[in-house]
Amino acid sequence: MSDETLNTLPADEENAAAENSSALPSAVEEEETAALAQAEEEQPEEEAQPLDPNALLEVRHLKKHFPAKKDFFGRPVSFLKAVDDVSFKIEKGTTLGIVGESGCGKTTLGRTILRLQPATDGEVYFDGVDINKLNTKQMNALRPQMQIIFQDPYSSLSPRMPVGEIIGEAVAQHKLVPKTELKEYVLEVMKSCGLPYHYYERYPHEFSGGQRQRICIATALALKPRFVVCDEPVSALDVSIQAQIINLLKDMQEKMGLTYIFISHDLSVVEHISNKVGVMYLGSLVEYASTGDIFDNPMHPYTEALFSAVPIPDPDRHSKRIILSGDIPSPINAPAGCKFHTRCNHCMDICREVAPKFKDYGNGHMVACHLYPQD
Amino acid sequence: MLFKKQQKTSTQGEENKPSRPKNSHYLTAKESREIAKSNAREMRKYEKRKRVKNVDESVYTCKMQDENNIVEFDDLHTYFFTDAGVSKAVDGVTFSIPKGATVGVVGESGCGKSVTSLSLMQLVQAPQGQIVGGSIRFNMGDKAYDITKMPTSEMRKIRGKNIAMIFQEPMTSLNPVFKIGYQLDEMSLLHNGCTKEEAKAHSIEMLKLVGIAAPERVYDCYPHELSGGMRQRVMIAIALSCDPRLIIADEPTTALDVTIQAQILDLLREIKDKIDGSIMLITHDLGVIAEMADYVVVMYAGRVIEAGTTAEIFHNPLHPYTIGLQKSKPVVKRKVERLYNIPGQVPNPIDMPDFCYFKDRCDRCIEKCNGEYPHFIQVSPTHRVSCYLYEGQEKGGSNE
C-alpha cells in the first residue's frame, strides 16, 4: 500500500478507493451494473434535449471554478474560472483535438471530464450516463473505460515500481483478468505498444522519454478503455520520437476503436491526428469544427491568429502573420463581454459588453464571435 | 580533493547510465573506481589550465580563417567526465557563423547543440565538462581570440559584452530575488563602467527597444510579476545591453506559447537588423529555423552531419537523418496518412560506435557504412554532408 500512495499514476486515486470496496467483488459488480442501468434509464427523462446516439461522450455546459480568494471566514469571494461553460460531443472512434495557449484550461477540461476533479456545474454524458451523478462505487466501475495519458512521462511513472507492475496494477485492481494470467496479459499489452518483453522487470529510470511514454500508453490501454484523454502526450518528446508515439496512438485507435481527446498546443500535431478541433481561450471554446473546416477557414480572430503564428518549415513560404499584442489575461478577472476583446484586431463596441453566443454557422462549424450574425 | 567529493555525491546517477555494451547493464565496483580516478586526473589537468592568471595575450590570440566570420568552430571536442565513463557530448564540430547572419543549429535533445554554444561562452558545467580539443575562434574586429585557450579571468571580459546569450527558460534564468532593473543595470555597470544613473537610463532604453510598453514600471518589478513572454523580452534586453557582436539564442521560444513565440521571433529579427550582429539560433523546431535562419547546421550525436544554406537544407536535404527529421514533423496544411518515423534511438554518448553514428537507424545503408565515420563531402560551395551515399558528388574544394 505504501507503494500505492507514492504512485502518481492516473488511475490511482480511484484505485485506492476501489480497494476498499472490493471485499465482495461479485456482489458489488452486480450492484454496480444494476445501478448503471438504472441511471441510464433515468437520463432521457431529465434532459429536454435527447442525447446523440452516435456520441460516446457529450459534454454540456461544463464548468470548473477554483476558489481564488477567500475572505476572513474561509468563504471564497472570487473564482478562477478554469473551464467556463464548455459544450461539445465526440463520436465513437474519432479524435477531438483541443488547442489553446497555456493557462486556457485545456488540461483542467480533460481532468474534469474524467472526474479526476469534481465539476462545479454541468453534465458529462459518457455513453448516455451522466458521470457527475454517479456515486463512488459506480464511478469506479466506469473508470477502466476512461483513461488518461499524461504530459510528462518523467513524473507520471512511479520510480519504485518495475514496468510490469506499473502496467499490471490497475488491471489487477479492476480484476480484468485472473491473477494467474496477469503477467501474460501485461506482456501482451507491452508487445502491442512496442515494448520488448525484457522490460517487464526494469524500472522507469532506465528508459528514455519515448519509451516512458510508451509505458504510460500501455498503462492506460491495458484496461481496454473506450475513451482516452491524451494530455499533451508528445510535448516533452523529440521530433523523431514524437512521430513514433503519434503513430502508435493512431494504430491503437484503429485496433481498439478508441475515442480520443487530444490536448495539445502543437497545432500541426493536432491537425494530423484529429477529426474535430476545438479552440479554447480563457476557459471557453471559441471555435469548434471539423479539422478540414477549421484549418481552411478559421472564423474566430483568435483561431486565425493562432494558426498564422505556427512556423512553417519551408523557407519560401512566409505566411502572413497576425501578431497578437499582449498576453493572455488572468482567468480570475476575465474581461467582460467577449473574453478575447482585449487582444482582438476586430474589436467592436459590442464585444466589450455582450458575450457572443456559441453558434453553429453551418456544417457543425461553431463559433463565438460578434463578427458573425448572432440571431 | 574537491572533485572526489563531488563525485561521491553524484554517484546515484551511476546505475542509470548503461555504459558497457558487453551485455552488462551495470558497472562493477572496480570499473567504477578506475573511471573515478582517471576522471579526477583529467579534470584537474583542464581546470588548472583555466585558472592561470596573467597570461600573455599572444597565447590565445589567433587568426580567423575568413575575416567575414564572427565565430569559427574548428573540430571542437567537449567531453563530460561522468561516473559512467567519458561522455562525448561534442565530438568534432566544425562550422562558422558569418557576420550579420543567423545560423540555426538543429538537432534532437542530447545531440550537443547546447553544449556547443556553452563551450563558446566557456560556461560548460565544470569540472565535469571540459573542452578537450579543437578551437573556437572569435572575431573581435581588429583581432581574434581562441576561446578554448582563454583563461577564465579574461573570458569574463568578453562574456556578456561581446557574446551574449538568451537562455531557454526565462522562468529560471532570471534571479528571483533581484529587481529587473538591478539585473539589467549589472550589465552596463560591469562592462561599460558607467554611473548608476547612466546605467538606469540605458536599461530603460533597452526595455523600450524590446517592446515593453511601460519600461519604468517593469524596471521596478521582480521577475515573478511578469509573464513568460515579458520575461523573455527582459532576457533579450539584458543580452542586448552591451551591443554584443553575437547573440546565442538557446531555444528562446520553446517554453512559450505559439502566439508569444511569434512576438519574440519577430522581435529577434527586428533587433538583429538594428544592432547589425549575428545570431546563433539553437532549436529543435524546424519551422522556427526555416523562418529565421540564413544557414542551417544539423547536428546528430555530437557531430555536424549536414550544413548548408536554409534553402539547401529544406529543399535538398541529403543526409538520411535530415530527411527523416523533416518527414517526421507534421506540417499544417500538408496532409500525410502516416508520419514517417526514424526507428530506434540515439546511440549512447559514452559508447559511440566507430562507424557512422546514424547507421543503426538508417534505412539507406550501403556496405561502406560499416567503415569509419564518413568525412564531409562538399556538395556545393555552401552545402556539405557527412554521408557515404554522396561520395563522388563532390564539388568545390574539400573541407578541413
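Values for this structure:
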item: Amide H within-cut-off set for B:Thr61, under 5 Å, with H built and near neighbours excluded; result: B:Asp146
item: Candidates A:Ile148, A:Ile90, A:Ile322, ranked by Gaussian network fluctuation over chain A, Cα under 10 Å, top entry; result: A:Ile322
item: Virtual spin-label span in nm between B:Lys333 and A:Tyr197, 7 Å along Cα→Cβ; result: 5.0 nm
item: FRET efficiency, A:Ser155 to A:Lys92 (Cβ-Cβ, R0 35 Å, nearest 0.05); result: 0.65
item: Potential lengthening between A:Tyr372 and A:Ile323 on full extension [0.36 nm per residue; Cα-Cα distance subtracted]; result: 15.4 nm
item: Inter-label distance, nm, simple model (7 Å from Cα along the C-beta direction), A:Asp360/B:Tyr340; result: 4.2 nm
item: Neighbour-count order for A:Phe73, A:Phe126, B:Phe376, fewest beta carbons within 10 angstrom listed first; result: A:Phe73, B:Phe376, A:Phe126
item: Furthest towards positive pole of dipole, B:Pro317, B:Val298, B:Val332, structure part the stretch B:291-334, Cβ charges; result: B:Val332
item: Chain B: most fluctuating residue of B:Leu246, B:Leu184, B:Leu339 per GNM, C-alpha cutoff 10 Å; result: B:Leu339
item: Under 5 Å, built H, 5+ apart or other chain: amide partners of B:Gly129; result: B:Phe81
item: For A:Thr291, A:Thr180, B:Thr61, order by how many other beta-carbon atoms lie within 10 Å, fewest first; result: A:Thr180, B:Thr61, A:Thr291
item: Axial C-alpha extent at least 15 Å, average Kyte-Doolittle at least -1.0 - helices from chain B (DSSP); result: B:180-191, B:196-209, B:228-240, B:258-275
item: Fraction of antiparallel bridges per DSSP, the protein assembly as shown only, in percent to nearest 5; result: 65 percent
item: Shielding score for A:303-312, defined as the mean number of other chain Cβ atoms within 10 Å; result: 5
item: Taking only Cα atoms of chain B, radius of gyration then Dmax in Å; result: 22.1, 68
item: Space enclosed by the convex hull of the alpha-carbon atoms of chain A, per residue, Å³; result: 171 Å³
item: Kyte-Doolittle mean at least -0.5 and Cα axial length at least 20 Å: DSSP H helices in chain A; result: A:239-256
item: Electrostatic dipole magnitude of the stretch B:225-352 [Cβ: Lys, Arg +1; Asp, Glu -1; Cα centre; debye, to 20]; result: 400 debye
item: Cβ-isolated cysteines (cut-off 4.7 Å), chain A; result: A:Cys104, A:Cys193, A:Cys216, A:Cys230, A:Cys369
item: In sequence order, calculated HN-Hα J values of the stretch B:299-307 (Karplus, 6.51, -1.76, 1.60; Hz; x Gly/Pro); result: 10, 8, 6, x, 10, 7, 9, 7, 8
item: Sites A:Asp85 and A:Ser208, calculated FRET efficiency, Cβ-Cβ separation with R0 35 Å, nearest 0.05; result: 0.30
item: Relative exposure of A:His370, A:His205, judged by other C-beta atoms within 10 Å (fewest first); result: A:His205, A:His370
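Every number here is computed from the coordinates shown, using simple stated rules; none is lab data. Predicted model only: the values in this text are computed from it and were never measured. Don't worry about glycine lacking a Cβ; one is built from the backbone with ideal geometry, like all the others, and counts go over all protein chains shown.
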